[in-house]
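The values are calculated or read from the model by the stated rules, or taken from the named source; none is laboratory data. Values in this document were obtained by computation on a predicted structure and should not be read as measured data. We place every Cβ from the backbone using ideal geometry, glycine too, and count neighbours over all the protein chains shown. Quick note on the areas: whole protein, heavy atoms, side chains included, nothing else; ligands and nucleic acids left out. Shrake-Rupley method; radii C 1.70, N 1.55, O 1.52, S 1.80 Å.
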Amino acid sequence: MRILLVRLDGIGDAAACVPLVAALREAGHDVGVAVTTRNAGLFDPGAILAEHVLERIPWPAHGSTPESTRRAEAEIAAQRYDVALIASEEPEAYALAAAIPERVGFITGWARPLKTLWVRRRVTRAVSRAQTIGGEPQHEVEVLYRLGAGLVRETAPPRDAARLRALLAGETPVPERRGIVLQAGPKWAETGVMPETQRAIAASLSPHGLRVVAAPHDAGGVRARLGVEPETFADLRGWIAALDAAAAVVTVDTGAAHVAGMLGVPVVDVFPDRDFAHQVRRWRPWAAPSTTFTAAQAGGAPASVIEAALDAV
């Protein structure tokens, strides 16, 4: 079959779909993806049938530009998909899939009864998932894998990074992994880790082949907070290559943790204090070793974060 995965969210959300896409491909299906400019380029071009990119309208507006929507709709129609797996909640995700014969999406039952009724009218198969914090006992990868029921051979999502890496890095040999990548950006402070702790971690890791990386729009803030010039990349392909070449990645809970996990690169992952156990259960790196800290632990003992990073190298 030709299957369209609709994932109009962030990088980490799309990376959590990698085991599902791998299992679909191994079952003999061709898989295309509908994404946005936020996560376009995440999947290696050789691993997918097509990539349909929507350009999001800047916040606080919602949705995508009419021009990019029309283009994506035309591309999707031309591919003649048999099934759409809708992993995003936005109404436009369902609109993109409307003309595809089989459509699978999530419902949350009585937690959101009106949304559940709305979704049921737009899909041919509804998959239940929890809406509340702590409601899902499973990892997000396992939840997303439910969309592929009946289309994949394995009942559980693959966890072997040797199988998953090719979807992100292509069929290239695993590089000689050395040094440490620190994914910098505003989410460190949003998570609860103050700039002085960030600077201490960066300074202590600097002698060990540290590469500080950031999104282009975050570079100025990183420069001000850490006093270093971060590496930035023109697209996700260069960023993925940088993560793939690292012996370890240090980050807060961002797309970097999930991508590195799918590549098989060990991760030191810092989560917010609130709902820590649930967030780790749901969002820890999937296919690579990881060490997790609360923001309070990282701030109170940054040496522990540094030691964990060095132990992973």
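A few points about this structure:
- Total charge dipole magnitude, the range 147-272, about the Cα centre, Cβ charges on Lys, Arg, Asp, Glu only, Debye to nearest 20: 120 debye
- Separation in nanometres of the label points that stand 7 Å from Cα toward Cβ, at Glu229 and Ala74: 4.2 nm
- Applying the criteria of a DSSP loop state and at most 10 other Cβ atoms within 10 Å to the chymotrypsin sites (Phe, Trp or Tyr not before Pro) of the range 204-313 yields no site.
- Charged side chains reduced to their Cβ positions (Lys and Arg at +1, Asp and Glu at -1) give the range 92-208 a dipole of some 440 debye around its Cα centre.
- Rolling a 1.4 Å probe over the protein heavy atoms of the range 230-313, with every protein chain left in place, gives an accessible area that is 53 percent carbon and sulfur.
- Counted charge near Asp9, where neighbours are those whose Cβ lies closer than 13 Å (Asp, Glu -1; Lys, Arg +1): -2
- Whole-number percent relative contact order across the chain, with pairs defined as alpha carbons under 8 Å at least 6 apart: 17 percent
- The distance from the alpha carbon centre of the range 274-313 to that of the range 167-233 is 15 Å, rounded to a whole number.
- Accessible carbon and sulfur surface of the range 5-148 relative to its total accessible area, %, 1.4 Å: 54 percent
- Our helix-only sum for the chain, with -39,500 (n - 2.57) per DSSP H run of n ≥ 4 divided by its residues, gives a mean residue ellipticity at 222 nm of -11000 deg cm²/dmol.
- Relative contact order computed over the range 176-276 (Cα-Cα under 8 Å; 6+ residues apart), in percent: 32 percent
- Net charge dipole, the chain: roughly 700 debye, given to the nearest 20, about the Cα centre with Cβ charges of +1 for Lys and Arg and -1 for Asp and Glu.
- Residues of the range 213-253 falling in the label zone of Ala203, defined by backbone nitrogen less than 14 Å from a point 7 Å along Cα to beta-carbon, are 225-228.
- In this label model, Glu307 and Ala27 are separated by 4.5 nm, measuring between points 7 Å along each Cα→Cβ vector.
- Solvent-accessible area per residue for the chain (1.4 angstrom probe, square angstrom): 44 Å²
- For the chain, the residue among Ala72, Thr254, Trp118 whose Cα projects farthest onto the positive side of the dipole built from Cβ charges is Trp118.
- Of the trypsin sites (Lys or Arg not before Pro) in the range 171-278, the ones in a loop by DSSP (not H, G, I, E or B) with at most 13 other beta carbons within 10 Å are Arg178, Arg274.
- Residues Asp235, Asp9, sorted by accessible area with the largest first, give Asp235, Asp9 [1.4 Å probe; ligands and nucleic acids excluded].
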